[in-house]
Amino acid sequence: MSGPVMSAPPRDCPPWSAWVLERLQMGLLVLDAQGDVVFANQWLLTHTKLAADAVLSKNLMEVFPQLKDSAFAHALAQSIKSGFPTLLSQTLHPSPFPLYLPSSQRGQDKLLRQSIRIMPAGGLVADTMDQRYTFIQINDVTQSVMRERLLKAQAVRLKNMAQVDVLTGLGNRRRRDDVLPTALRASGKTAQPLSVIMFDIDYFKQFNDIYGHLAGDECLRQVAQVLRDVFRRPQDMVARFGGEEFVAVLPETDGQAAQALAEQVLQQMRALGIAHSGSCTAAVVTISAGVAVYDPAGGQTPDRLVLAADQALYAAKSAGRNQVCGPQ
Amino acid sequence: MGLSVPHVEMVTKLGVSDALTGQGADRICAVRQEFSGVLNTEAVLMFPVQQSLQLVQMMVGDDVPLEQLGEMEQEALAEIGNILLNSVVSGVADVLKLRFEGSLPCVELGPVQDVLCAQGQMTDQVLSVQIDFAIDALQIQGYLVFLLDVASVASLKATVQQFLGTLS
């Protein structure tokens, strides 16, 4: 089943076996029953930058002192005791052996990422040998690690791009759908309140009709800038929700604080003084806002929370716009 | 890490498959290893895919949620499964005074039936060991199944009887 490499006694070795072992493009080490190195192939010597006599007939822990008390040493001891092969993954133990690219200056370059297999001669195979040998196979998986890292980074970048509103640079609806459930779970865990504010530009349709869509786009960008200025904590998330609707998700913020922040947004919008002759509320562009608060103990769904903010926004509109309405 | 074994029984593969699908795990992640000696068995450690993702994420300490297991994550699972399978089998081997030879682990992902039924029939009997892990806040329920051929079932029974004989 396992360990066929050591199963044949030396006299049966075909003439090419030593040559093949030497030239295998992975590290091979064979230990005797005392843990002394009886074989190390060329790949291993080249990548550790060690000479054969610095390795052979020496105890493995003496050759590689960094292995002492490591997870590798523990796995090796277990493997020899049980007689079962053991795998050490790169993910959990990136680089147990001091292996470098042959071209690198030792110590200057990063260690190679290693996937390690420990094969003790257990069971019936051990009976064919003069003592219980163990062989260690080391594969360089640096390239695979780099490739996976690159792919992951790319996936994260694409995901972020897919969640940006191109016009304003804020998040889009997808970002909100992604962030809100996580933020609610965090709020539930930490028992901290969380607020959601919905914003809507007053008489925006009329603004577009009077000043044109380019001016409308510019107005949306200015609103986005005001929102960015007011909600500047890293944990705050602002997204453009629909045409002229925006949403802010504010962790660790109670209703009172959220209402004050919403007022600040409204005030800054008025201060911008973007002329709006079609507004029945003011001579400049104004905004309405609705606030909803998540009760960590209550466990509302993200949809219900957004609906509550929407209802508060509707109340602000009904009461004459250019104002903030709190939880209903 | 806490580990408990609430159930050990002989059941059919179908029984194991039903138990796993009952947990809502249509797709599972399995770590397989062969052991040979007086009896030959293939040990298959199975988790629902979702739980295997959480397990690896926790071991790796990655905060990016995984949607699937990449090559490196699969290798990490193989390592965890290897530790578990080796310790269970060497424990059994010590108690029953048996010698086994083991293989390296391999990871397989797929529907329960495909993983369990690479060979044989769904009506084949297997030795099923339910294991519950609790690591930090994570509760993971896995199934460890020993696939045994007819000769190995007989040999297991004989060995267990012999062992029970030494107790009385």
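The values are calculated or read from the model by the stated rules, or taken from the named source; none is laboratory data. Since the structure is predicted, the reported quantities are computational estimates derived from the model, not experimental observations. Heads up, the Cβs are rebuilt from the backbone with ideal geometry, glycines too, and the neighbour counts pull from every protein chain shown. To get the accessible areas, we keep the full protein, side chains included, count just its heavy atoms, and leave off ligands, DNA and RNA. Shrake-Rupley method; radii C 1.70, N 1.55, O 1.52, S 1.80 Å.
Quick notes
- Binned Cα-Cα distances of the stretch A:5-148, short to long, each 5 Å bin given as a whole percent: 2, 9, 18, 23, 21, 14, 8, 3, 1, 0
- Residue-normalised accessible area of the stretch A:163-325, given per residue in Å² at a 1.4 Å probe: 46 Å²
- Calculated FRET efficiency, A:ALA153 to A:LYS58, Cβ-Cβ distance, R0 = 41 Å: about 0.50 to the nearest 0.05.
- Candidate aspartates and glutamates - alpha carbon under 17 Å from A:LYS49, same-chain residues fewer than 8 apart omitted: A:GLU22, A:GLU62, A:ASP109, A:ASP140
- Space enclosed by the convex hull of the alpha-carbon atoms of the stretch B:16-112, per residue, Å³: 103 Å³
- Net charge, A:PHE207 excluded, C-beta distance under 14 Å - Lys, Arg +1, Asp, Glu -1: -3
- Element breakdown for the protein assembly as shown at a 1.4 angstrom probe: carbon and sulfur atoms account for 55% of the accessible area.
- Residue-averaged beta-carbon neighbours from other chains (10 angstrom radius) around A:115-122: 3
- Remark on A:LYS58: its backbone amide H falls under 5 Å from those of A:VAL37, a criterion applied only to residues 5 or more positions apart or on other chains, H modelled at 1.01 Å from N.
- Protection-proxy order for peptides A:204-210, B:154-160, each taking the mean of Cβ atoms within 10 Å per residue, highest first: A:204-210, B:154-160
- From the alpha carbon centroid of the stretch A:129-190 to that of the stretch A:254-324 is 35 Å.
- Our summary gives chain B a relative contact order of 39 percent, counting only alpha carbon pairs under 8 angstrom and 6 or more residues apart.
- A Förster radius of 35 Å combined with the Cβ-Cβ distance from A:SER103 to A:LEU167 puts the calculated FRET efficiency at roughly 0.10.
- Annotation: the antiparallel percentage among DSSP beta bridges lying fully within the protein assembly as shown is about 95.
- Residues in the stretch B:80-116 occluded by at least 20 Å² - accessible area, probe radius 1.4 Å, against chain by itself: B:ASN82, B:ASN86, B:SER90, B:ARG99, B:PHE100, B:GLU101, B:GLY102, B:SER103, B:LEU104
- Å² of accessible area per residue within the stretch B:119-168, as computed with a 1.4 Å probe and no ligands counted: 56 Å²
- Considering chain A at the alpha-carbon level, its Rg and Dmax are found to be 33.2, 101 Å.
- For the chain pair A and B, buried accessible area totals roughly 2300 Å², probe 1.4 Å, rounded to the nearest 100.
- Cross-link pairs exceeding 29 Å between alpha carbons, from the set A:LYS110/A:LYS152; A:LYS68/B:LYS97; A:LYS81/A:LYS152; A:LYS81/B:LYS13: A:LYS68/B:LYS97; A:LYS81/A:LYS152; A:LYS81/B:LYS13.
- Relative contact order for chain A, counting Cα pairs under 8 Å that sit 6 or more residues apart, in percent: 14 percent
- The stretch A:163-325: relative contact order as a whole-number percent, Cα under 8 Å and 6+ apart: 31 percent
- Ratio of Rg to Rh over chain B (Cα coordinates, Kirkwood Rh, two decimals): 0.97
- For the Cα trace of the stretch A:163-325, dividing Rg by the Kirkwood Rh returns an Rg/Rh value of 0.97.
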